[in-house]
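What follows draws every value from the coordinates through simple rules; no lab data is involved. What you see is a predicted model; the values in this text were computed from it and never measured. For neighbour counting, all protein chains shown are included, and Cβ atoms are generated from backbone atoms with ideal geometry for every residue, glycine included.
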Amino acid sequence: MKKIILFTLILGWMICCSRVAYASEGEAESAFRQANAHYESGNYNKAIASGEAILATGLRSGNLYYNLANAYFKKGDLGKAILYYERARRYMPRDGDLVSNYKYARSKLKQRGAFERRSEFLKRLDRIARRLTLKESILMGGGAYYLFTLLVILAIAFKKLRGLSVLFALMFMFIFLSIAIPFPREVREYKNASIVVDKITDARFEPVSDAEVHFPVYEGMKLYILREWGDWCKVKRPDGKIGWVPVSAVEIVGM
C-alpha cells in the first residue's frame, strides 16, 4: 500500500512538472514571436525588452541571442550588439547570417591595432576552432585521440593492418592536434572574455578613479578579465596590455 501511495505521489509530481515546463515553453515561444513582431515593426526597445524577459526565465538559445544582437545593433548600441553576437556564436558558430552580421558589427569598432599578433598557422587553427562549439571540440578531440590510440594498438598487434592503421592514425592525430592546440585559448574565451559596453572608458594603471590612464577602450572591444577588486576589474587587451576598468564598463560573455 505504501509503495502504491509513493508511486502515485511521484507520478503526480512528474505530471505537474511537465505541465509547468510545457507552460513555460509556450509562454517563451509567445514572447519570442512578440519580440520578432516588435523587431519587424522597428520598435527595437520593445524587441529588446521582450528578449531580455525571456532570458530572465532562464531560457537560452543562439537564435534568441542573435535576435537581441540585431535589435541592439539597429538601436545603435554597438557594445551590446557585439556582446550578444558573441553569445550567439557559442551556440551556432557556423550560422552564415550570424557570421556576416558579427563581422559587419566588428567593422564599426573605433579602436584598431589592439589585436593579438599570431602566426598564420595559429590563425588558421583558430578559424577551425571558431567553427565549433566548445562541446563539439571536446567530443571531436576526444574521439580523434581515442581512434588514434586504437589504431596504434591495431598496428602493433596485426602486421597485415600496420600500413593502413598507421595512415589513419596519423590522420586522426592531425585532427586531434588541430583541435588541441587552440583549445586552451578557446577555454580562456569561454571563461574570461568580456565586451566593453560603455561608449568609451579609460583603462588605468591602478583600480582608483584618479590613477594615471594607461589606454582608452571603446565599446564593442573584447577584453579578458583577469581578476575583480571591488568596483574594478583587471583586464587584458588582446595585444597583451593590462589595465584596470570599472566593472560596469564591461560585461562578461558567459553563456
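Hey, could you get me the Stokes-Einstein D for the chain, Kirkwood radius over alpha-carbon pairs, 37 °C and 0.692 mPa s, rounded to whole µm² s⁻¹?
Values: Rh = 21.6 Å.
Stokes-Einstein gives a translational diffusion coefficient of 152 µm²/s.
Report the gain in length on full extension from Lys160 to Val187: 0.36 nm times residue separation, minus Cα-Cα distance, nm rounded to one decimal.
Values: separation 27, 0.36 × 27 = 9.72 nm, distance 4.10 nm.
Length gained, Lys160 through Val187: 5.6 nm.
Would you calculate, for the chain, the mean residue ellipticity at 222 nm contributed by helices, counting each DSSP H stretch of 4 or more residues as -39,500 (n - 2.57) and dividing by all residues, to the nearest 500?
Values: 9 runs with 153 residues, N = 255.
So the calculated ellipticity at 222 nm is -20000 deg cm²/dmol.
Kindly provide the trypsin sites (Lys or Arg not before Pro) of the stretch 183-255 that DSSP labels as loop, not H, G, I, E or B, and whose Cβ sees at most 16 other Cβ atoms within 10 Å. All intermediate terms of the calculation are to be shown ahead of the outcome.
Values: sites: Arg185, Arg188, Lys191, Lys199, Arg204, Lys222, Arg227, Lys234, Lys236, Lys241; in loops: Lys199, Lys241.
Passing both the DSSP loop test and the Cβ count: Lys199, Lys241.
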Legend entry - Positive-end residue, the chain charge dipole about Cα centroid, Cβ charges, pick of Leu132, Asn43, Leu109: Leu132
Legend entry - Exposed chymotrypsin sites (Phe, Trp or Tyr not before Pro) absent - longest run of the chain, DSSP non-H/G/I/E/B, at most 13 other C-beta within 10 Å: 1-114
